[in-house]
Amino acid sequence: MGADGGITGAFMAKVLGAAVVVGLTVFRMAPVTGSALPASTSSTEDIAQVERSVYYPGCRAARAAGVAPIHRGSPGYRPEMDGDDDGIACEPHRTE
């Protein structure tokens, strides 16, 4: 709590963690690293289903949720967000 008895921004950030606030609804999203399914046992449809299980409208939303970069086969991956088609969407910007 802040000195005035209110809730501070830092406290709220710690409580909410990686969350997206839409209107008055908070959607919590857990960070995902690597593929959610083992490559050797997953069919193409299984992988597509996992990728569609979470939707981010763009990389800005994925970064705000703390899940970027998103690897092919992971929840939230979409080819539209993978500009160089290397299997990694929402990569950090390169300055080369």
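Each reported figure results from applying straightforward, stated rules to the coordinates on display, with no laboratory input. Bear in mind the structure is a predicted one, so any value in this text is a computation, not a measurement. So basically every Cβ, Gly included, is an ideal-geometry build from the backbone, and we count neighbours across all protein chains shown.
Only residues that are among the small types (Gly, Ala, Ser) and surrounded by 15 or more Cβ atoms within 10 Å (Cβ to Cβ) were counted in the range 40-59, giving 1.
Of all residues in the range 60-96, those being in a helix (DSSP H, G or I) and surrounded by fewer than 19 Cβ atoms within 10 Å (Cβ to Cβ) number 6.
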